[in-house]
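Beneath this line is the structure, given in structure tokens, with notes to follow.
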Amino acid sequence: QYDAGTDTEYIPLLVSKAYAGSDCKIVNIVTGAGEIGTHSTTAAEGLYYTCLTPYGEKVGTGNRLEGIGSNVKVISISQYHPATGRQKQENGIWKMHVKKSLSQPGTLVLLHIVDSSKLGRRMDAIDDVERLKKQYPGRLLITIDSCQSRTDVQRTRKYLELGYMVMITGSKFE
């Protein structure tokens, strides 16, 4: 089944691959695990999550999209405890993963931040992200998940001014 938000995961990954080059390893750190589409981490790795493309072309679920290559790794991080719904104390674990990944030569990190989830949660970490971008110039790309248009215009404008990619889809409600 086609899902616009999940399909949108492919775009920042393809931009990252074009930016980094074919030999560079991409680590895609998805910080909104459990709050975004069910198959988003599959798409974030550059794999088909369904047997049909939006154009109706048959593909193998789990097969890699052409041009992605096999040097993509996904790290999926939930900021919230699954049983209680409360924010985890170690909510900075994403920073540790960014630093650890970027300590490896020939690696680019794509950091996926959910601006406003379907549960109304927001990861306000832009100051931390900007510090990391300065520490690792040209090796950390940011994508803001604003699918279903949950982000206000001012925040979206700020993200774009900072050079972030912003994923936007319409609402599922009519």
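Looking only at region 72-107, which residues are of a type outside the set (Ser, Thr, Tyr), modelled with pLDDT of 75 or more and out of contact with any Asp or Glu (no Cβ under 8 Å at 6 or more places or on another chain)?
Ile75, Ile77, Ile93, Trp94, Met96, His97, Val98, Lys99, Lys100, Leu102, Gln104, Pro105, listed by residue number.
Go through (1) in contact with a Lys or Arg (Cβ under 9 Å, 6 or more places away or on another chain); (2) within 20 Å of Lys99 (Cα to Cα) for Val30 and report which single condition fails.
All conditions pass for Val30, except number (1).
I'm checking my understanding of the structure. Among residues of region 54-68 that are touching a residue at least 24 places away in the same chain (Cβ under 8 Å) and touching an Asp or Glu at 6+ places or on another chain (Cβ under 9 Å), which one is least open to solvent (accessible area, probe 1.4 Å)?
Ranking the qualifying residues of region 54-68, first place goes to Ile68.
Where residues in region 27-41 are at pLDDT below 85 and within 11 Å of the chain's Cα centre (by Cα), which of them is nearest to Val114 (Cα to Cα)?
Gly32
Taking the condition touching a residue at least 40 places away in the same chain (Cβ under 8 Å) and out of contact with any His (no Cβ under 6 Å at 6 or more places or on another chain), does Leu47 pass?
no
Would you tally the residues in region 20-50 being closer than 19 Å to Thr8 by Cβ and part of a loop (DSSP other than H, G, I, E, B)?
Summing the residues that are closer than 19 Å to Thr8 by Cβ and part of a loop (DSSP other than H, G, I, E, B) in region 20-50 gives 14.
State the number of residues belonging to region 127-171 that are free of Cβ contacts under 8 Å to residues at least 12 places away in the same chain, part of a loop (DSSP other than H, G, I, E, B) and more than 30 Å from Pro105 (Cα to Cα).
Counting residues in region 127-171 that are free of Cβ contacts under 8 Å to residues at least 12 places away in the same chain, part of a loop (DSSP other than H, G, I, E, B) and more than 30 Å from Pro105 (Cα to Cα) gives 1.
The values are calculated or read from the model by the stated rules, or taken from the named source; none is laboratory data. The structure displayed is predicted, hence computed values, not measured ones. In this analysis, Cβ positions are derived from the backbone assuming ideal geometry, glycine residues included, and neighbour counts consider all displayed protein chains. Keep in mind that these areas ignore ligands, DNA and RNA; they rest on the heavy atoms of the full protein, side chains included. Shrake-Rupley method; radii C 1.70, N 1.55, O 1.52, S 1.80 Å.
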